1. So how much accessible area does Tyr249 have, in Å² to the nearest 10, using a 1.4 Å probe?
2. Considering only Cα-Cα distances, which of the following residue pairs are longer than 31 Å: Lys172/Lys255; Lys184/Lys281; Lys28/Lys184; Lys2/Lys196?
3. Residue separation times 0.36 nm, minus the C-alpha to C-alpha distance between Lys243 and Ile268: what's the value?
4. Contour minus end-to-end for Val22 and Ser101, with contour as 0.36 nm per residue of separation and end-to-end as the Cα-Cα distance?
5. Quote the FRET efficiency, to the nearest 0.05, computed for Phe296 versus Arg261 with a Förster distance R0 of 22 Å and r equal to the Cβ-Cβ distance.
6. At Glu150 and Lys2, where each label point lies 7 Å from the Cα along Cα→Cβ, what is the point-to-point distance in nanometres?
7. Tally Lys/Arg at +1 and Asp/Glu at -1 over every other residue whose Cβ is under 10 Å from the Cβ of Gly56; what's the total?
8. Once fully extended, how much extra length lies between Val52 and Thr167, figured as 0.36 nm per residue of separation less the alpha-carbon to alpha-carbon distance?
Amino acid sequence: MKGIVVKSTGSWYSVRMESGEVLDCRIKGKFRMKGIKTTNPVAVGDVVEVVVNPDGAVINRIEDRKNYIIRKSTNLSKEAHIIANVDQAVLVVTVNHPVTSTVFIDRFLASVEAYRIPAILVFNKIDLYDEEDLLLLGALTQIYMQVGYECFHVSSLTGEGMEDVVTALKDKVTVFSGLSGVGKSSLINRVEPGLKLKVAEISDSHDTGKHTTTFAEMFPLSFGGYIVDTPGIRAFGLIHMEKTEISHYFPEIFKRASECRFYNCTHIHEPGCAVLEAVEKGEISESRYFSYVSMFEEGDEKYRK
């Protein structure tokens, strides 16, 4: 029998079968002995074959993954935590209450570009924005739409703009992420009210929220498709990404790089750099370029915030 893994707790896996039944399954020991350096050898999103015997349900085969995306593991003895077979990734961001930095946004976008997964930015809490916030919202939207990213303006509280989000999610497997406090769980509950995901209160002193999600879980959508909810601030890491590759995952930088004088140009100090020229002309945004330089020079570990 075939099914899709919708939840992983480390030792048990919830598998939604083709019949709609959800089975709690174990895995065969051999999966743990193949040198897979992940906290979950069977990943949420995996299509698996399940055998039911007197001792319970067992996953005995994993079908080939069409793609995957890596989250940093909180278990330091392991390398990564994988989510498999993803159609698209949504980052929920807020211009204010709390502020989501452009460096965090760009780090997320570079990560999903590395896995060739399309990304959508959902700007939440527009009902709370004052005039200054709305100006910034417009400026950021222009920057990311020019690069090629779809952007939605929504309020999970009032429901404004949610129709576009529902349309984008229909019949697709979508990974949701975002800093704590941006209203990710509230937004998912607005999309699919029956899920009733836990929502944390925002801290008045820090304008941030506590994490309400501790592991990835896949939820079916009544209108078709799945949502994969992930933990907040540490959702994605630049695993297996060399410094020299980072520019490849900024589409506007990668496009201009072919015009640079030197084939191995870092786009930071070299003469004849087409990327630097584009930044000076305003054809590549300063914030995006700053994110690139920051990631290149200082490394991934300093960009958790």
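The values are calculated or read from the model by the stated rules, or taken from the named source; none is laboratory data. What you see is a predicted model; the values in this text were computed from it and never measured. Reconstructed Cβ throughout: ideal geometry from the backbone, glycine too, with neighbour counts over all protein chains shown. These area figures cover heavy atoms from the full protein model, side chains too; ligands, DNA and RNA do not enter into them. Shrake-Rupley method; radii C 1.70, N 1.55, O 1.52, S 1.80 Å.
1. Tyr249 has an accessible surface of roughly 50 Å² with all protein chains in place.
2. Numbers: Lys172/Lys255 28 Å; Lys184/Lys281 36 Å; Lys28/Lys184 35 Å; Lys2/Lys196 28 Å.
Distance filter (> 31 Å) returns Lys184/Lys281; Lys28/Lys184.
3. Numbers: separation 25, 0.36 × 25 = 9.00 nm, distance 1.26 nm.
Length gained between Lys243 and Ile268: 7.7 nm.
4. Working: separation 79, 0.36 × 79 = 28.44 nm, distance 3.89 nm.
Stretched out fully, the Val22 to Ser101 stretch lengthens by 24.5 nm.
5. Numbers: r = 19 Å, r/R0 = 0.84.
Here the calculated transfer efficiency is 0.75.
6. Here the answer is 2.6 nm between the modelled labels.
7. On the way: positive: Arg26; negative: Asp24, Asp55.
Charge balance in the 10 Å sphere: -1.
8. Working: separation 115, 0.36 × 115 = 41.40 nm, distance 3.71 nm.
This chain segment gains 37.7 nm when fully extended.
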